[in-house]
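A short write-up of the structure that comes next.
The values are calculated or read from the model by the stated rules, or taken from the named source; none is laboratory data. Note that the structure is predicted; figures quoted are calculated from it, not measured. Please note: Cβ atoms are built from the backbone with ideal geometry, for glycine as well, and neighbour counts cover all protein chains shown.
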C-alpha cells in the first residue's frame, strides 16, 4: 500500500487498547480503494482522507464495531460487513441525534 499523505486525527480507547485514528489519502488494498481499515498490530484505524467528514465519521464507527466484535470473541461476526455497517450507522445516528447523551457521560466522568 502506498500512502500519499498521513494525518493523525485522534485516539480512541477500545477495551484496553488505544488506537490512533489516521487519515490516509489513497487508502487501498489489493488495488481497490477503501473507506477504512484496522491495523491491529500497529493499533491504528485508518480512514480515507479524501472522503467528506460525514463519511469519515461513519467509517470510524464501522472500524470501531469491527474492533469491538473481535475483542469480545466474535471475530466471525466482525467479518459480516452488513452487520458491522448496521451497527455503525445505528450508533452514529444515536450520537448525532442525541448529543445530550454523550454530554451526560462527560459530566458523569467529571463529577
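Quick check on my filter: what residues within region 61-111 are surrounded by 12 or more Cβ atoms within 10 Å (Cβ to Cβ) and part of a loop (DSSP other than H, G, I, E, B)?
Matches in region 61-111: 74, 79, 80.
In the list 54, 58, which residue meets the criterion of being closer than 23 Å to residue 28 by Cα, crowded, with 17+ Cβ neighbours inside 10 Å and out of contact with any strand residue (DSSP E or B) (no Cβ under 7 Å at 6 or more places or on another chain)?
Every option except 58 fails the conditions.
Scan region 14-48 for residues that are surrounded by fewer than 14 Cβ atoms within 10 Å (Cβ to Cβ), part of a strand (DSSP E or B) and either in contact with a helix residue (DSSP H, G or I) (Cβ under 8 Å, 6 or more places away or on another chain) or modelled with pLDDT of 95 or more (or both) and jot them down.
Within region 14-48, 17, 18, 39 meet the criteria.
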